[in-house]
Amino acid sequence: MITEAIVLSAILFVIGTFGVLVRRNAIIMFLCIELQLNAVNVAFVAFSNLFGIDGQIFVFFVMTVAAAEAAVGLAIIISIFRHYESVDVGSFNLLKW
Amino acid sequence: MTLALRPSLVAALAALALPASVAAQGGAPAGESGGAFTPFLPGMIVLLPLLGFLANGALALAHGKKSADAVRAGGELDLGERAQRPLTHTLPSLIGPGVLGLAFLITLVNFSRALGASLEEPVVVHYWTWMATGTFTVDAALQLDQLSLLMMMIVTGVGFLIHVFSVGYMRDDAGYPRYFAYLNLFVFFMLVLVMGASYALMFVGWEGVGLCSYLLIGFWFGDKEKSDAGKKAFIVNRIGDFGFLVAMFLLYATFGTLDFVPIFADAQLTTSLVYGGGLVTAITLFFFLGAAGKSAQIPLYVWLPDAMAGPTPVSALIHAATMVTAGVYLVARSSVLFALSPVGSATVAGVGVLTALFAATIALQQYDIKKVLAYSTVSQLGYMFVGVGVGAYAAGVFHLMTHAFFKALLFLGSGAVIHSMHHAYHHTHKHDDPQDMRNMGGLRAHMPITWITMWIGTLAIAGIWPLAGFFSKDEIIWQVAAFGGAVNAPYPLLYTLFWMTALAAAMLTAFYMTRMMVMTFHGSNRTGAEEAKHLHEAPAVMWVPLAVLAVLSVFGGWINVPEALRTSFLGLGGALPMSEWLHHWLEPVTAGAHEVQLEHLGEVAHAAPVGGGEVAWAAISFLAAAAVVAAAFKVVGAQKTVPAHDAPAPTGFANVLYNKYYVDELYNWIVVQPIVRASQFCWRVIDATIIDGTVNAVGWVSKGVGWGVSMFQTGNVSTYAFVLTLGVLVILGVSVF
């Protein structure tokens, strides 16, 4: 049982990471980050079955942080969109030397 | 701050007034002349000039900014009428000479007590322990013996007269309170120098007088030339101070102490030192290097003529009467050490006689009245060193004393002349040199008192009987001959040469001094018709010190008439109650040296190398000096002197003398330029290129690396995410495998 859960978590995490690396759309990248977080959540819940309740408590923390992050992240994306009329991260590169 | 300071100040004052212990070293046997000597407030003698310095210094600070601005602007400060002058310019007239007068009175009490008491061993007055490290301790202690008492009399007595003269001479100067502050500080350090009971304390005074000399030479610091002269004096003296320091280190390594009493007692027993040994020779030669710096002997004399840039009373006090004689005092004080080293003593005498001749020849062709006197001082200091170099310590100190009288008189007289000339030029706004003798002439009619007193000084220095210089200089010249003829004299021929050179230099002295007097006071006036109306005699505050010094220059020599001359015509036909008084008075100080000399060299001769006794040679040298004075009077009087700006440049050997044998140029070429070039090498190559280059290179490399690395910051979020992932994978890979 634990093996399947870990494999599921790993697949979800790799999909998320891959998405962050290859996609250019900020919204999609944001969703992929959510996917990575939830992949970790799956692993936490699975391990809590073996090691106690601590894992599940951490999941709540992760969900809370993810919610806050979603609020801030979406706000940033909206403000960028208002400015550039685009959410393609390839076109935002002003923060450099 | 002030409250915290006050108790310690009071304690210090109390400590000075009440000595911790007064110790006559060793058991002083009660002599036939009276009881033991009790010092009278010796600390106050030192303290009074210091208090004067503090008071005058405070006044100078209160007036500091205005005065400094006025000096920098090179002009004079309008001080207003005498009655309305601020306190800062009236109080120093009382404080400055006042503290010196009091110190002189206290010294006088001590001196008269010493006259009536037996003072076989020096009295050392301890105040507190200045420093104590391990086995080495230096006490703040004053030594009172015949030599230091005599020096104290000269310093405070002549110093007082010069302070009084300064009141007149410096009255209109913007830096009046500052002047007296420095002058009082100088006297304080000079007294520490002569009264200190150890070489360490003597060195404190030695450095202190050097500092004051620097401050006073550069007193008018607005003039670059004058401030440069101050620096030159200070730097040249540092070379001598190095010698003094090394000698002190050697003494400490040998004796483990720097106090006079134990060192001289030990040295005389020759437990630590060997007669004629390398160590004592090294010590004496290093001490003489110090003495040559302070007392302006070859090769370190070059600073003294330049030191004439200072106010003239300063030249009289520091650069003629007191500070420059410190080297002679040092040798006389260390007489036992010098007696133990025939090489050291011969060097002292040789350098002295060479300097006496060398400086006298330069003085022949100088036109600046103060330069003549400066070279004359260098020359006379040479005589003093000859005296102490041939074991005639009393004769050297005797000449020191008489020289203090007549040279202070001559300098103050020249000050009165310059004062008058300056005023005359000031009235007509003429910008000629008020110190150039070619611009003077005929001043006798305008300033008779100065004229007479300066003639007395001139005749005294020229060695005319019966003035002071005759007895003191003649005694030295005679002692050279006598020493060379001693039973076991180390280099008899050399001393014969010294003797003849000293005689020749004495003739030159008579010539250049007469030349100076004739050019200044006789003949027709060359100041200018309009200017001559404003020439005036010095005020009483200036001529009274001149008169006092003139009296001393006449009678000062009578305290040490040689025994051989006593009953003859030259010794005033036996009219004097005593002969060689000073010699006997100084005997407790010089006895150790004389014993060493008698033991190793035997009795000195009683005839000159070419025959003739003391009386004969005294008569010959007097007659020769008188003849030279008369001849110079005629020769120089007959010369047609023209004012400085019309005068042709001197030619031939006269030009070499006028340019002082080009010694300054030679030093510039041998010493100064290499140092300048080496400094420039250190600055331009080592500092600016190597050190700054390294520091800058570090900066440039960091900047370049930073610029290169900043290329990684693309601003592209995807790149960052990729690198981040890669990094995580690498870390994971490293930690797993």
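The values are calculated or read from the model by the stated rules, or taken from the named source; none is laboratory data. Keep in mind the model is a prediction, meaning the values are calculated, not measured. A quick note on method: Cβ atoms are made from the backbone with ideal geometry, for glycine too, and the neighbour counts reach across all protein chains shown. Just the protein is used for accessible areas: all its heavy atoms, side chains included, with ligands, DNA and RNA removed. Shrake-Rupley method; radii C 1.70, N 1.55, O 1.52, S 1.80 Å.
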**OP:** Compute the label zone of B:V343 within region B:473-495: residues whose backbone N is under 19 Å from the point 7 Å along Cα-to-Cβ.
**Re:** B:489-495
Original post:
Excluding B:V709 itself, what net charge comes from residues whose Cβ is under 13 Å from its Cβ, given Lys and Arg +1 and Asp and Glu -1?
Top reply: +2
Original post:
Looking at chain B, which longest stretch skips every one of the trypsin sites (Lys or Arg not before Pro) that is in a DSSP loop with at most 16 other Cβ atoms within 10 Å, leaving the sites themselves out?
Top reply: B:1-429
**OP:** Could you tell me which of B:L576, B:S112, B:V548 has its Cα farthest along the dipole of the protein assembly as shown towards the positive end, charges placed at Cβ (Lys, Arg +1; Asp, Glu -1), taken about the Cα centre?
**Re:** B:V548
Subject >> Percent accessible area from carbon and sulfur atoms, chain B, protein chains only, probe 1.4 Å >> reply: 70
Original post:
If you keep only loop residues by DSSP, which chymotrypsin sites (Phe, Trp or Tyr not before Pro) in region B:267-312 have at most 16 other Cβ atoms within 10 Å of their Cβ?
Top reply: B:Y275
Original post:
With charges only on Cβ, +1 for K and R and -1 for D and E, what is the dipole size of region B:584-716 about its Cα centre, in debye, rounded to 20?
Top reply: 880
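Taking N as the number of residues in region B:526-644, what is its Cα Rg relative to 2.2 N^0.38 Å?
1.63
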Original post:
Any idea how far apart B:H126 and A:I6 come out in nm if each label point goes 7 Å out from Cα toward Cβ?
Top reply: 9.1
Original post:
Past the 29 Å Cα-Cα mark, which pairs from B:K65/B:K533; B:K294/B:K371; B:K370/B:K634; A:K96/B:K703; B:K430/B:K634; B:K473/B:K660?
Top reply: B:K65/B:K533; B:K430/B:K634
**OP:** Excluding B:F37 itself, calculate the net charge of residues whose Cβ lies under 12 Å from the Cβ of B:F37, where each Lys or Arg counts +1 and each Asp or Glu counts -1.
**Re:** -2
Subject >> Alpha-carbon centroid distance for the pair region B:86-125 / region B:299-343, whole angstrom >> reply: 22
Subject >> Student exercise, chain A dipole from Lys, Arg, Asp, Glu Cβ charges, in Debye to nearest 20 >> reply: 300
**OP:** Please list the radius of gyration and Dmax for the protein assembly as shown, considering alpha-carbon atoms only, with Å as the unit.
**Re:** 41.4, 142
**OP:** State, to one decimal in nm, how far the label point of B:L623 lies from the label point of B:V672, with both points 7 Å from Cα in the Cβ direction.
**Re:** 4.8
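Quick one: in region A:2-84, what % of C-alpha pairs are over 16 Å apart?
Beyond 16 Å sits 57 percent of the P(r) for region A:2-84.
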**OP:** Please work out how much length the chain gains when fully extended from B:W683 to B:A575, using 0.36 nm per residue of separation minus the C-alpha to C-alpha distance, in nm with one decimal.
**Re:** 31.9 nm
**OP:** Could you point to the residue in B:H427, B:T156, B:A678 farthest towards the positive end of the protein assembly as shown's charge dipole, with +1 and -1 charges on the Cβ of Lys/Arg and Asp/Glu respectively?
**Re:** B:H427
Original post:
For labels at A:F18 and B:E225 in the simple 7 Å Cα→Cβ model, what's the distance in nm?
Top reply: 9.7
Original post:
Taking a label point 7 Å from the Cα of B:F249 along the Cα→Cβ vector, which residues of region B:268-283 have an amide N closer than 19 Å to it?
Top reply: B:278-283
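About its Cα centre, how strong a charge dipole does the protein assembly as shown have in debye, to the nearest 20, once Lys and Arg get +1 and Asp and Glu get -1 at the Cβ? The partial results should precede the final answer.
Numbers: 37 positive and 46 negative charges, 334 e Å.
Using only the charged Cβ atoms, the result is roughly 1600 debye.
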Subject >> Karplus-derived 3J(HN,Hα), 6.51/-1.76/1.60, for each residue of region B:421-436, Hz, glycine and proline x >> reply: 4, 4, 5, 4, 5, 4, 5, 9, 6, 8, 10, 6, 6, x, 9, 7
**OP:** Using 0.36 nm per residue of separation minus the Cα-Cα distance, give me the extension gain between B:L269 and B:V551 in nm, one decimal.
**Re:** 97.2 nm
Subject >> Which of B:L508, B:P588, B:H522, positive extreme of dipole for region B:500-596 (C-beta unit charges) >> reply: B:H522
Original post:
By the scheme Lys and Arg +1, Asp and Glu -1, what is the net charge of all other residues having a beta-carbon under 15 Å from that of B:L373?
Top reply: +2
Original post:
Got a sec to turn the phi values of region B:106-116 into Karplus ³J(HN,Hα) couplings, 6.51 cos²θ - 1.76 cosθ + 1.60 with θ = phi - 60°, whole Hz, x for Gly and Pro?
Top reply: 5, 4, 4, 4, 4, 5, 5, 5, 5, 4, x
Subject >> For chain B, average projected area of the Cα convex hull in nm² >> reply: 46.9
